[in-house]
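Inspection log for the structure reproduced underneath, given as structure tokens.
Rule-based calculations on the coordinates, nothing more; no lab input. Remember, predicted model here, so these are calculated numbers, not experimental data. FYI the Cβ positions are ideal-geometry reconstructions off the backbone, even for glycines, and counts take in every protein chain you see.
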Amino acid sequence: MTDYKTIHGKKIKFQTSDLTMSTATEGELFYSDTDKEFKVGVVVEAWSSGGNMNTAREVYEGRSSAGTQTASIVISGYVNPPGNVANVESYDGSSWTEIADVNTVRRGAAAAGTSTDAVYFGGYTTTAVGVTEEWNGTSWTESGDLSTARNDLSGTGSTSSAAIAVAGNTARSAIVEEYNGTSWSEVNDLNTASPNTHVFGTAEAAIAAGGETGDGPTATTKNESWDGSSWTEVGDLTQAKQTGAGFGTQTSGIIASGITPPGSTRTTNAQGWDGSSWSTITAVSTARMTLGGSGTRAAGLVAGGNTGSVSNATEEFTQTVTLKTVTDS
């Protein structure tokens, strides 16, 4: 103990009773007087099955969903047949409930906000559109259109009045627009045009990772960070992918499933972002593409998508700290 204190300038904590999984932090070392052992907090990450959606659908690249693990919405999407659907569903942490439909049925659109304060924009009807709708927890209201109509775009933001629309398919666009609750204005483009990219964070601090880079089912490992005014390339993905689900913050997030080269192979791969680099984490149970995602690195979910046919499956991600006994081996 004396040597440890001399080197590090502090003592190992002495606990008369164990820390719990909710009070311990990753890497925290302490001596348990209860068990007469040294213990350390270790992060455990896992996926588990959640409640199925009422309408199986392609949600499109994790863009048409918003909220948290226990309060999320999935908006519109695609079923074949009959095609685009207007259905909106709300998740309470265990089951999905149908709520008010969007006014303009479409697919390949993007969403931002929460389960009670969201904005839904862009997409494809019979052509690319710039239609924007706001959700107040009860109903949808049309607002100002995107400056550039496009589908296969991505988006993120904390509320319906603070969101960004990123990239999309209008001749493989890198265009980024910012929404203030009334209208859209163009801001600095992505460095690399990438429809079907995975965007998460806020309108002022976001990550855009992966996406489509060429004709057909191609994907990139490119990763860019947004500071509210410009995009900067940062650490690449460990596996190139597009049309997966992304959720989290600029410094802590996840991308799960999607398409990876060669061809259009659906993957169960999941990757975690720590603010500087990506690492492979526990895989999802079901390989799929065009699924929705929402929540945080500690508590998130993915839902819907395409496994070869449309899916209504939900998987929940949890990150907890458990205690492990320190041994000399």
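Summarised in one figure, the compactness ratio Rg/Rh of the range 188-308, Cα atoms and Kirkwood Rh, is 0.94. For the chain, lysine pairs separated by 8 or more sequence positions, or belonging to different chains, with Cα-Cα distances below 25 Å total 16. With contributions of -39500 (n - 2.57) from each DSSP H run of at least four residues, the per-residue ellipticity at 222 nm computed over the chain stands at -500 deg cm²/dmol.
Counting Lys and Arg as +1 and Asp and Glu as -1, what is the net charge of the other residues whose Cβ lies under 12 Å from the Cβ of Ser173? So the environment of Ser173 carries a net charge of -3. Between Ser277 and Ser147, the simple label model (points 7 Å from Cα in the Cβ direction) yields a spacing of 3.8 nm. The length gained by stretching the chain between Thr125 and Thr232 to full extension, at 0.36 nm per residue less their Cα-Cα distance, is 35.2 nm.
With semi-axes defined as the square roots of five times the eigenvalues of the C-alpha gyration tensor, the equivalent ellipsoid of the range 260-312 measures 21, 15, 8 Å, largest first. Normalising the average separation of contacting C-alpha pairs (under 8 angstrom, six or more residues apart) by the number of residues puts the relative contact order of the chain at 18 percent. Distance from the alpha carbon centroid of the range 135-169 to that of the range 28-50 works out to 41 angstrom.
Neighbours of Gly50 by Cβ distance under 11 Å: Lys/Arg scored +1, Asp/Glu scored -1, total -3. Of the chain, which part is the longest with no trypsin sites (Lys or Arg not before Pro) in a loop (DSSP not H, G, I, E, B) and with at most 14 other C-beta atoms within 10 angstrom? That would be 37-329.
Taking the Cα centre of the range 53-312 as origin and assigning +1 to Lys and Arg Cβ atoms and -1 to Asp and Glu Cβ atoms, the resulting dipole is close to 760 debye. Once the Cα-Cα distance is subtracted from the 0.36 nm per residue extended length, the Ala71 to Glu45 segment shows a gain of 7.3 nm. Between the alpha-carbon centers of the range 98-117 and the range 255-329, tell me the distance in whole angstrom. Centre-to-centre (Cα) distance: 23 Å. Taking other residues whose beta carbon is less than 11 angstrom from the beta carbon of Ser115, and scoring Lys, Arg as +1 and Asp, Glu as -1, yields -3.
Remark: relative contact order (the range 39-136) = 23 percent; criterion is Cα-Cα distance under 8 angstrom and separation of 6 or more residues.
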